[in-house]
Amino acid sequence: MKKVEAIIRPEKFQDLREKLSAIGFDGLTVTEAAGTGKQKGKIGIYRSTEFEVTLLSKLKVELVISDERLDDIVGHIIDTCKTGQIGDGKIFISPIEQVIRIRTGESGTKAIY
């Protein structure tokens, strides 16, 4: 099993959610995040005063998936969230040793689907 953490633009989330749902994948966790990378922030204007926004709003989408679905899911994330501009985000993939569903006690891939 693998844990996929995708840091994406907030405006791309709904499209990603619909795409994952269409291929039968509904289990995910979403967290609001803020960060900076090559984008280095942007200039905002409030009441005619300019200010620098150094941390930009992002969403962190976390999924735990079977090894067999990894390439397919990651491909869908890239296809849906890529704009070709700086700030599209990143995908981190980590191994997961064990998953246990608290309610039923199921473990392994049975617990993630």
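The values are calculated or read from the model by the stated rules, or taken from the named source; none is laboratory data. This structure is a prediction, so every number in the text was calculated from the model and none was measured. When we count neighbours, we look across all protein chains shown, and the Cβ atoms used for this are built from the backbone with ideal geometry, even at glycine. When the accessible area is computed, the model is the full protein with side chains, heavy atoms only, and any ligands, DNA or RNA have been set aside. Shrake-Rupley method; radii C 1.70, N 1.55, O 1.52, S 1.80 Å.
General remarks:
- Cβ pairs under 8 Å, 6+ apart, first in segment 70-83 and farther than 16 Å from Ser94 by Cβ and touching a residue at least 40 places away in the same chain (Cβ under 8 Å), second open to solvent by less than 70 Å² (accessible area, probe 1.4 Å) and charged (D, E, K, R): Thr80/Lys12; Cys81/Arg9; Cys81/Lys12; Cys81/Asp88; Thr83/Arg9; Thr83/Lys12
- Among the residues of segment 74-113, those that are of a type in the set (Lys, Arg) and in contact with a strand residue (DSSP E or B) (Cβ under 8 Å, 6 or more places away or on another chain) comprise Lys90, Arg101.
- Segment 98-113, subset outside any loop (DSSP other than H, G, I, E, B) and among the small types (Gly, Ala, Ser), residue most open to solvent (accessible area, probe 1.4 Å): Ser107
- Figure legend. Inter-residue proximity from segment 1-26: first residues over 23 Å from Ile100 (Cβ atoms), second residues of a type in the set (Asp, Glu) and assigned to a strand (DSSP E or B), beta-carbon distance below 9 Å, spacing 6+ or different chains. Indicated pairs: Ala6/Glu62; Pro10/Glu32.
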